[in-house]
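So the structure is just underneath, and the comments pick up after that.
Read-outs throughout are calculated quantities, based only on the coordinates presented, and are distinct from any laboratory measurement. The structure displayed is predicted, hence computed values, not measured ones. So basically every Cβ, Gly included, is an ideal-geometry build from the backbone, and we count neighbours across all protein chains shown.
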Amino acid sequence: MITAKIFDSLTHNLIGSTDTLEINVTTDTLHPIQPIKQDDILNIQTGIVKVYSDKSLPPDEVNVYLNLLSTESYENYSPYLQFDYISTVSPNNFNYVFSDIKLTSYPFSPGTYDVTDKVYGWIDLKGLSYGTPANLSITWLGITYRGSITLLNENQYTVNWDNSGAVKIK
């Protein structure tokens, strides 16, 4: 039970008290990260995103995006859950190493602790050159998967990826 007494700061006289609040302590523990589940699969949907400064002109940038989704659910829910990864990007090389699922609002968790959800994410592959394959490397659950993405023009791209592993691009 928690209650508080309120005193006047000048006279130090008691001027009021709060209602009593009952707090139930459970065995739940909120962690800043959760390990990626061993049977989780990273599904990636790709598409084109265009950036314009003036809609009447050709786009200033044309990027390929990776829309990420786990197949397994984790404690808490999106958007407070995100993939924890390290990116290393250089011209025509995009490398991502996924390590955990992180709670972005830690040490606070909005909502209830009993809620689980799949994890969503988004990555833009910026700086692609038309017709030049860009290497894409994704490390998921300690295994590195490799392929390439080629931006053909502002409306088309191709993906070269083996979907037999735990990282699937559609």
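With Rg/Rh (Cα atoms, Kirkwood Rh) as the read-out, I listed (i) 0.97; (ii) 1.22; (iii) 1.26; which label goes with the value calculated from this structure? Recomputing Rg/Rh (Cα atoms, Kirkwood Rh) here picks out (ii). Distance between the pseudo-spin-label points of Leu10 and Tyr106 (7 Å out from Cα toward the beta carbon): 4.7 nm.
Taking Lys102 as the anchor, which lysines have their alpha carbon closer than 19 Å to its alpha carbon, excluding any fewer than eight residues away along the same chain? Of all the lysines, those that pass the test against Lys102 - Cα under 19 Å, at least 8 places apart if same chain - are Lys37, Lys118.
One chain, two ends: Val115 and Glu61. Fully extended at 0.36 nm per residue, the span grows by 15.6 nm beyond their Cα-Cα distance. Measuring nothing but how far apart in sequence close Cα pairs (under 8 Å, 6+ apart) lie, relative to its length, the chain scores a relative contact order of 22 percent. Roughly speaking, what is the stretch gain from Ile143 to Glu72, that is 0.36 nm per residue apart minus the C-alpha to C-alpha distance, in nm to one decimal? Roughly 23.8 nm would be gained on extension. Other residues within the sphere of radius under 12 Å centred on the Cβ of Trp161, judged by their own Cβ, net out at +2 (K and R +1, D and E -1).
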